[in-house]
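Read the structure below first, then the notes.
The values are calculated or read from the model by the stated rules, or taken from the named source; none is laboratory data. What you see is a predicted model, and the numbers here were worked out from it, not measured in a lab. Here the Cβ positions follow ideal geometry from the backbone for every residue, glycine too, while neighbour counts run over all protein chains shown. Ligands, DNA and RNA are excluded from the accessible area calculation, which covers all protein heavy atoms including side chains. Shrake-Rupley method; radii C 1.70, N 1.55, O 1.52, S 1.80 Å.
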Protein chains: 2
Amino acid sequence: MPMHKHTHNEIETLRGAGLKVTDARVAVLSQFIKKPIPLSALEIQQALAPSGSDVVTVYRTLSSFEEAGILRKVDLRREAVYYELASHHHHHIVCTDCGLVEDIEDCDVEILSKKVVSGSKKFSAIKDHALEFFGLCRSCVKR
Amino acid sequence: MPMHKHTHNEIETLRGAGLKVTDARVAVLSQFIKKPIPLSALEIQQALAPSGSDVVTVYRTLSSFEEAGILRKVDLRREAVYYELASHHHHHIVCTDCGLVEDIEDCDVEILSKKVVSGSKKFSAIKDHALEFFGLCRSCVKR
DNA sequence: CTTTATTTGCATATGGGTTGCATTTAGAGT
DNA sequence: ACTCTAAATGCAACCCATATGCAAATAAAG
């Protein structure tokens, strides 16, 4: 018995990526659209619980989304792996103490990326890059 | 019965960081000095086996080294956490297929780093940053 | 409506990393 | 050198994120 709350936005994205449109996938994708912040598999599963799908399904969904180019990994130096919408490409400052994440909007590493490829012997193309800054946020600095 | 192969280089580094000079620490540190590439806890332990110390000790050593500023984390998008000598600061291109790592020598993110801080509301200082590029190496592209 | 390849769920396994506690040891003081 | 104590180590057991095998469910094509 499928639910039918599929929005056009999500269905189109999935179809465009050549992925079957399933409730689980739509649900996971909506989480990222609703909250444009880095999310982990566990966080997504908890947000969708108790009606949501199994954790394993969430993991598999995230993998297929990454492979399809819908999501990209973000290294927040936490225990788990975080993902973010690939369309919403930007970088972060992360507090190594409390985990606070702040976005950095303008940051053209693209230019750098090209320079890097032309200077490389072993690589001919870059698919993705990660640029994150780490420090203590103002609250944590006080302590 | 301690061994006495401690080199000056390693002892000085440990003393300078305010850490006790132990066989385990010297052994771990030498691995990084010998091989200036990113290393994981397991890799280090295997390289030192069977005479080396327990894996737990390696984990604790790596943590204390990072806190002391001797090592820095590197995100290679593998299962395990990798470390590298903080003094040997540079970035990488990583093959997402076979794991090949190539160094990028010149890459001044320092300037960028300052710009980022001055533009931030929640952070007043950056301690570290990570910039890594991901793609397929020439060998993996062929397949 | 049927068919089939894909996806999902459940149980179970894996593997990196951590923790508690007893034992050892580096390094400071004598 | 000898003693002392806080810090470091080893071992065993544990935790948690993530993966896998397989049978049941289901999306999408015919």
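Have a look at B:Val81, B:Val94, B:Val55 and point out the one that is β-branched (Val, Ile, Thr) and outside the structural domain of B:Ala27 (by TED's automatic domain parsing). Quick ask: steps written out before the conclusion?
Working: B:Val81 fails: outside the structural domain of B:Ala27 (by TED's automatic domain parsing); B:Val55 fails: outside the structural domain of B:Ala27 (by TED's automatic domain parsing).
That would be B:Val94, the only listed residue that is β-branched (Val, Ile, Thr) and outside the structural domain of B:Ala27 (by TED's automatic domain parsing).
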Completion exercise
Scanning segment A:121-143 residue by residue, those loosely packed, with under 14 Cβ neighbours inside 10 Å and of a type in the set (Phe, Trp, Tyr) turn out to be none
Handout entry: Residues being more than 11 Å from DNA strand C (Cβ to nearest atom) and either under 23 Å from B:Asp108 (Cβ atoms) or assigned to a strand (DSSP E or B) (or both) - total across segment B:77-93
Key = 10
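Collect the residues in segment A:102-126 that are touching a Ser or Thr at 6+ places or on another chain (Cβ under 9 Å), within 17 Å of B:Asp103 (Cβ to Cβ) and not in a helix (DSSP H, G or I), keeping them in residue-number order. If you could, list the steps in order and put the result at the bottom.
Our first condition is that a residue be touching a Ser or Thr at 6+ places or on another chain (Cβ under 9 Å); within segment A:102-126, this holds for A:102, A:104, A:117, A:122, A:126.
Now drop any that are not within 17 Å of B:Asp103 (Cβ to Cβ), which leaves A:117, A:122, A:126.
A:Lys122, A:Ile126 - these are the residues of segment A:102-126 that are touching a Ser or Thr at 6+ places or on another chain (Cβ under 9 Å), within 17 Å of B:Asp103 (Cβ to Cβ) and not in a helix (DSSP H, G or I).
Of everything in segment A:28-79, what is in contact (Cβ under 8 Å) with a residue 60 or more places away in the chain and either open to solvent by less than 40 Å² (accessible area, probe 1.4 Å) or within 10 Å of DNA strand D (Cβ to nearest atom) (or both)? Give them in sequence order. Let's see the steps before the verdict.
Residues of segment A:28-79 that are in contact (Cβ under 8 Å) with a residue 60 or more places away in the chain, as a first pass: A:37-38.
A:Pro38, the sole residue that qualifies.
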Practice task
Sort out which residues of segment A:85-143 are more than 10 Å from every other protein chain (Cβ to nearest Cβ) and β-branched (Val, Ile, Thr), and write them in order of number.
Solution key: A:Ile111
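Please state which one of A:Ile33, A:Ile44 is part of a helix (DSSP H, G or I), away from DNA strand C (no atom under 16 Å from the Cβ) and among the hydrophobic types (A, V, I, L, M, F, W, C).
Values: A:Ile44 fails: away from DNA strand C (no atom under 16 Å from the Cβ).
After applying the criteria, what remains is A:Ile33.
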Problem - Sole exception among (1) open to solvent by 50 Å² or more (accessible area, probe 1.4 Å); (2) modelled with pLDDT under 95; (3) not in a helix (DSSP H, G or I) for B:Gly18, by number - result: (2)
Handout entry: Tabulated pairs, segment B:86-97, first closer than 11 Å to B:Arg72 by Cβ, second open to solvent by less than 10 Å² (accessible area, probe 1.4 Å) and not hydroxyl-bearing (Ser, Thr, Tyr), C-beta under 8 angstrom, 6+ apart or interchain
Key = B:Ala86/B:Leu71
Practice task
Return a yes/no flag: does segment A:103-120 have any residue that is at pLDDT 90 or above, of a type in the set (D, E, K, R), open to solvent by 30 Å² or more (accessible area, probe 1.4 Å) and within 20 Å of A:Ser87 (Cβ to Cβ).
Solution key: yes
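Is there a residue in segment B:123-132 that is outside the structural domain of B:His8 (by TED's automatic domain parsing) and farther than 27 Å from A:Ile111 by Cβ? Walk me through it before giving the result.
Here is the first cut: in segment B:123-132, the ones outside the structural domain of B:His8 (by TED's automatic domain parsing) are B:123-132.
With farther than 27 Å from A:Ile111 by Cβ added as a condition, the list becomes B:124.
The answer is yes; a qualifying residue exists.
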Problem - Enumeration of residues in segment B:16-30 that are more than 13 Å from DNA strand C (Cβ to nearest atom) and of a type outside the set (A, V, I, L, M) - result: B:Ser30
Fill in the blank from the handout: When (1) more than 14 Å from chain B (Cβ to nearest Cβ); (2) away from DNA strand C (no atom under 11 Å from the Cβ); (3) β-branched (Val, Ile, Thr) are applied to A:Thr61, the one that fails is (2)
